[in-house]
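Only one structure is covered here, and it is reproduced in the block below.
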Amino acid sequence: MRSFGASELLVCSKKGYLTSIVFLLAGFMHSHVAYSAPSFTLEQIVTIAAEQNPSINISKAREDSARASVITATTYANPQFEFGAGPTSYRTPGGQGNNGNWGVALSQPLDFPSVRNAKREVAESNVQVATLGIELTKTEVRARVKSAFYDVLQRQAVLEIAEADSNLLKDIRGRVKLRVDVGESPKYELIKADTEALAAERDYQAARVRVTEAKAYLRGLIGAAVPEDYNLTGELPLSSSLPRIDELRDRINDATLLKQIRSAVKTSEANLRLQEQLRNPGLTVRAGVEQDPDLRQLRLGISIPLPVWDKRTGPIAQAAAEVREVNAILSERELAIKRDIESAYQRYLIAQQQVAAFENGLLSQAEAVLKVAEAAYRFGERGILDYLDAQRTKRMVRKDYLSARYEYINTMLEIERLLGYELLEVKS
């Protein structure tokens, strides 16, 4: 058997140490790849929200309940079976008092056709209201999810700007410190650079928190199907635009919300007719047999309630008031939608003009001013204050540009929600 020297054992131990490090690094890289945050597109987010959002499931449950009420409205009442028996005693001489008697009867309540039709109309109108409620809820959820999705993208863009500014100002601060240390610049320039660097770091940390907040809100709209740590891929559809305001006004009558309220008006009117018909709802048909000791009788008859005391004055008045209320709600919603669309369209035009102003000059002007200020500072023609002011101006211009972009899209989504159909289509 071969014996190893001390130097060979040292080499072997070093090789084993290096091998362990390699395996540890490989395992770390593998775990990093395995647990990387998943990315979602807008189409995927909207699809998941349509399947997982609780509000949509609530609306679907209401539709199922309304459809079940149609079955209830068209179902006949159950018949009633009656049976009775007992001893018989005669007060006249010669009767057979020990013999018993019995009776059997079957009764069936029947609604008048006008009552059944009114019940069915109420139930079918409720189904229409519930179906439009699903469509309305889907539109609301889709618009909110898209707005939250674009909000995350906008905040991520702000975060990238804040991170770049923070790194840049740290670098500027280092260069200023070097110039102050060698006596080329006064000390107040270092104080100013420190202040700007701290402010940029603060803005960066705040931007990170805002991104986390926006992603948490978006996840709350979608559901648990999306993990807590996730990424989004996409961009704001700035190439999209709205139709003219005249065309939008013409589409107001087709808004999903107004369609739902009109269906609710039909429901309330059908309920008023039902309450009027329920003054005399129907009759009960009865057939039976009665057996005495010496006599068997067959009985056929009907019973009809008479609206003498209860003429359903209260329920009829209540149903009439509901009709007036729903009609008033319809008028109020029509005015509100028109007002909100007009307001959103004006904000859309303002945001459109702002985006164009930034893209056609403000961004390039801010960049040019910064380059001039930077060159002047490097050649000693300007102080650090002018350079930092130019840097701050450029940062503010870029943030305002991102805000204008998001407002441009958000106003379109607001009009989309009010009208009840997509203006910004989700593309795969």
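Of all residues in region 235-272, those being without any contact (Cβ under 8 Å) to a residue 12 or more places away in the chain and small (Gly, Ala, Ser) number 1.
Summed over region 288-318, residues that are of a type in the set (S, T, N, Q) and either within 17 Å of ASP111 (Cβ to Cβ) or more than 60 Å from the chain's Cα centre (by Cα) (or both) total 3. When each of VAL226, VAL211 is tested for being part of a helix (DSSP H, G or I) and either modelled with pLDDT under 90 or not small (Gly, Ala, Ser) (or both), the lone residue that passes is VAL211.
All of ALA357, ALA366 fail the test of being over 30 Å from THR41 (Cβ atoms), touching a Ser or Thr at 6+ places or on another chain (Cβ under 7 Å), outside any loop (DSSP other than H, G, I, E, B) and small (Gly, Ala, Ser), apart from ALA366.
Scoring LEU278 on the criteria (1) within 25 Å of the chain's Cα centre (by Cα); (2) farther than 30 Å from GLU359 by Cβ leaves a single failure, condition (1).
Residue-wise test of (1) part of a loop (DSSP other than H, G, I, E, B); (2) closer than 30 Å to LEU258 by Cβ.
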{"position": "ARG273", "(1), (2)": "no, yes"}
{"position": "ALA287", "(1), (2)": "no, no"}
{"position": "GLY301", "(1), (2)": "no, no"}
{"position": "ASP310", "(1), (2)": "yes, no"}
{"position": "PRO315", "(1), (2)": "no, yes"}
{"position": "GLN318", "(1), (2)": "no, yes"}
{"position": "GLU322", "(1), (2)": "no, yes"}
{"position": "LEU330", "(1), (2)": "no, yes"}
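One residue alone among LEU370, LEU413, LEU388 is within 35 Å of the chain's Cα centre (by Cα) and at negative phi, and that residue is LEU413. When region 218-270 is limited to residues that are of a type in the set (Val, Ile, Thr) and either under 21 Å from the mean Cα position of the chain (by Cα) or surrounded by fewer than 12 Cβ atoms within 10 Å (Cβ to Cβ) (or both), the one that is nearest to ARG417 (Cα to Cα) turns out to be THR256.
Entry remark, region 273-328: residues being touching a Leu at 6+ places or on another chain (Cβ under 9 Å), among the hydrophobic types (A, V, I, L, M, F, W, C) and in contact (Cβ under 8 Å) with a residue 60 or more places away in the chain number 4 in total. Sort out which residues of region 171-198 are in contact (Cβ under 8 Å) with a residue 12 or more places away in the chain and hydrophobic (A, V, I, L, M, F, W, C), and write them in order of number. Matches in region 171-198: ILE172, VAL176, LEU190, ALA193, ALA197.
The values are calculated or read from the model by the stated rules, or taken from the named source; none is laboratory data. All of these numbers come straight from a predicted model, not from anything done at the bench. Neighbour counts run over all protein chains shown; Cβ positions are idealised from the backbone, glycine included.
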